[in-house]
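Following: one structure in structure tokens, then a few remarks.
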Amino acid sequence: MKQKSTNRDIPWPKIHKLDALVKDSSDKVAVPLKEDYLMEDMWYLDTDEARPIFEKQARIIKAQKYKGILDVGCRHGPINSLLKGMKYTDYNYLGYDTSLEPIEMAQMDWKDYPNINYLVHSWHDDIEVDFDVDVIVFSGVLLYIKDYEERQMLFENIMDTYECENAIIQEPYHFQRHWDDRLILNTITNGGLDFLYKNYFVDEHYLDLPIFAGKRVLYHVTSQS
């Protein structure tokens, strides 16, 4: 299905040099992946319009009473503020990201909470966690692994490393209302996560938000064993 362009009256990310990259109407470019991005680049995810993405993650965590949370590609870890607002504070959290600025911001904001920690780190390397991990959050990160088998291997390796049986995965849907047709829609919701259904129960939640790439799918994944 074709993506639809929209005006910029809704929250939209800062996409560097797009006009320069697209020479004519037939050109399409990939949304650039920056491992060291700034907060302003992803500001649209911190608006009220985007809040339901992270509220849904927080509500699942609270409902399932998950006590050990590993957040992969966390940015500044917005689920912690939401959990605090829900009066759910009895948990341990470690979030990591490759970008320095959001991690430094989160470290400052949560410096007085010993149960909440943030690190600059890559998912390609194991990280020491000093608590039992009940759930791993993958929020819009698995789509950056292009190869299906590599994506499955990375997911399973992370889950096995921390002996974790539950995950919360959030990804943009493969059809969008709020988009720019000059961009290639990078998505894995059209078959790119089929491996999940072999060993896990998958509860799917759909969101349609007034933001860039606002159609999102959130998968709550629990072990079949």
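Listed cross-link partners LYS14/LYS146; LYS28/LYS62; LYS67/LYS215 are compared with a 32 Å cut-off, the Cα-Cα value being larger for LYS28/LYS62. Once the Cα atoms are used to define both axes, helix 148-161 deviates from the longest principal axis of the chain by about 20 degrees.
Debye-formula intensities of segment 71-113, expressed as log10 I(q)/I(0) at q = 0.14, 0.18 Å⁻¹, are -0.30, -0.49 (one equal scatterer per alpha-carbon, no solvent).
Solvent-accessible area per residue for the chain at a 1.4 Å probe radius, Å²? Please list the in-between numbers first.
Values: 11680 Å² over 225 residues.
Each residue of the chain exposes 52 Å² on average to a 1.4 Å probe.
With all protein chains present, how much of the accessible area of segment 82-212 (probe radius 1.4 Å) comes from carbon and sulfur, to the nearest whole percent? Intermediate values should be presented prior to the final figure.
Numbers: 3110 of 6610 Å².
Roughly 47 percent of what the probe reaches on segment 82-212 is carbon or sulfur.
Within a straight-line Cα-Cα reach of under 14 Å, LYS56 can be paired with the following aspartates and glutamates, leaving aside sequence neighbours fewer than 8 residues apart in one chain: ASP48, GLU171, ASP203, GLU204, ASP208.
Antiparallel DSSP bridges in the chain: what percent, to the nearest 5? If you can, show how the numbers build up before the last one.
On the way: 16 of 37 bridges.
The answer is about 45 percent antiparallel.
A crude spin-label estimate for the pair ASP132 and LYS62, with each label 7 Å from Cα along the Cβ direction, gives 2.4 nm. Put a dot 7 Å past the Cα of LYS146, heading toward its Cβ, do the same for ASP160, and the two dots end up 2.5 nm apart. Backbone phi angles across segment 177-186, fed through the Karplus curve with coefficients 6.51, -1.76 and 1.60 (θ = phi - 60°), yield HN-Hα couplings of 8, 9, 8, 10, 5, 7, 9, 7, 6, 8 Hz in residue order; Gly and Pro are listed as x. Against the empirical 2.2 N^0.38 Å (N residues), the chain has a Cα radius of gyration ratio of 1.01.
Taken along the Cα-to-beta-carbon direction at a fixed 7 Å, the label points for TYR197 and TRP12 span 3.6 nm. Judged by the gyration tensor of its Cα atoms, with axes a ≥ b ≥ c, segment 81-205 is prolate; a/c meets the 1.5 cut and a/b is the larger of a/b and b/c.
Between helix 100-109 and the chain there is an angle of about 50 degrees, using the helix long axis and the longest principal axis of the Cα atoms.
The values are calculated or read from the model by the stated rules, or taken from the named source; none is laboratory data. Source: prediction; values computed, not measured. All Cβ positions, even for glycine, are placed from backbone atoms using ideal geometry, and neighbour counts span all protein chains on display. Surface areas here come from the heavy atoms of the whole protein model, side chains and all, with no ligands, DNA or RNA. Shrake-Rupley method; radii C 1.70, N 1.55, O 1.52, S 1.80 Å.
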